[in-house]
Ligand SMILES: Nc1ncnc2c1ncn2[C@@H]1O[C@H](COP(=O)(O)OP(=O)(O)O)[C@@H](O)[C@H]1O
Ligand SMILES: [Mg+2]
């Protein structure tokens, strides 16, 4: 399998008034084409920094980021991104918001074709009939659905998701998790998801990478080989509960605490 996202030994410090702040230390991860990778780690360990590097918005001091066999040296149009805050433009309708990446990536595509593509995705995520609404007329969950459509509209080779479900209520979040599996089945993509939610990582990902505390490095990798799309009750299987316990213990190590099992002993 070809590695679609290949992050090799990335090391980075921010220059701050108080001196250099090391945020990433020799972090590596490889995601083969079509696979879904989740990255979990303590707050401030460099996860969002990493997503900016994959999108080509900033460069590491050391190490390399490769996408599709090409070294990332400048902003990449072929990356789709979605964040915790959907950042939709209020002066544009939902349809116009979703079309935005096509205006940048395919400016010569006829308007009708752009709209047809956006409408196809909006229907897929259950937003048929909301195309003409403004973002403020939609619920948080609906805005996040629209933002996922915008991330996918130009058929990006890589989808980067930085805590996109973090601000939603638990039921809406589970709906969107299932939607991710549905989207992936209909339009395969390679994804890197940043999340704080271990259940989310186990339900969605083929591979979960635990980052250490700052400076973030690759601390632990868990492969999840259950075939996708997955039923939501997969989360209640004995195997999933074991995986969640393992990930939780790893997060505690990343936070500099002893795993729960040792603490009890
Ligand atoms: N532009 C910046 N300049 C200085 N420090 C920054 C900058 N961006 C982020 N940081 C700091 O770097 C660390 C890692 O940030 P970030 O990548 O956003 O972490 P995470 O997404 O894992 O919470 C944090 O301590 C944050 O305060
Ligand atoms: Mg972050």
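Values quoted throughout were computed directly from the atomic coordinates according to the rules given, and no laboratory measurement underlies them. In this text, all values refer to a predicted model and were calculated from it rather than measured experimentally. When we count neighbours, we look across all protein chains shown, and the Cβ atoms used for this are built from the backbone with ideal geometry, even at glycine.
At a 10 Å Cβ-Cβ cut-off, how would you order 3, 33, fewest neighbours first?
Neighbour counts put them in this order, fewest first: 33, 3.
Build a GNM of the chain with springs between Cα atoms under 10 Å: which of 130, 36, 165 gets the top mean-square fluctuation?
130
I need to check one value: relative contact order of the chain, counting alpha carbon pairs closer than 8 Å and at least 6 residues apart, in percent.
25 percent
How many nm separate the modelled label positions at residue 136 and residue 58, each set 7 Å beyond the Cα in the direction of the Cβ?
Result for the modelled spin labels: 3.2 nm.
Using helices alone, I'd like the mean residue ellipticity at 222 nm for the chain: each DSSP H run of four-plus residues gives -39500 (n - 2.57), total over residue count, nearest 500.
Only helices count here, giving -11000 deg cm²/dmol.
If contacts are Cα pairs under 8 angstrom and at least 6 residues apart, what is the relative contact order of region 9-56 in percent?
Here the relative contact order equals 27 percent.
Starting from 0.36 nm per residue, how many nanometres of slack lie between residue 241 and residue 73 once their C-alpha separation is accounted for?
Gain in length upon complete extension: 56.4 nm.
Could you calculate the FRET efficiency of residue 108 with residue 155 from 1/(1 + (r/R0)^6), where r is the beta carbon distance between them and R0 is 22 Å, rounded to 0.05?
Calculated value: 0.85.
For residue 90, project a label point 7 Å along Cα to C-beta. Then give me every residue of region 125-169 with its amide nitrogen under 16 Å of that point.
Those under the cut-off are 133-140, 143.
In percent, what relative contact order does region 92-226 have, based on Cα pairs under 8 Å that are 6 or more apart in sequence?
Dividing the mean separation by the residue count of region 92-226 yields 20 percent.
Which percent of Cα-Cα pairs in region 84-156 sits in each 5 Å bin, short to long?
With 5 Å bins starting at 0, P(r) equals 3, 19, 33, 26, 14, 4, 1.
Given a cut-off of 30 Å, what percent of all Cα-Cα pairs of the chain lie beyond it?
30 percent
Pick from 203, 220, 14 the residue whose mean-square fluctuation is largest in a GNM of the chain, springs joining Cα atoms under 10 Å.
14
Of 218, 16, how do they rank once you tally other Cβ atoms within 10 Å and put the fewest first?
16, 218
Roughly what would the spin-label model give for residue 187 and residue 18, points 7 Å off Cα along C-beta, in nm?
4.3 nm
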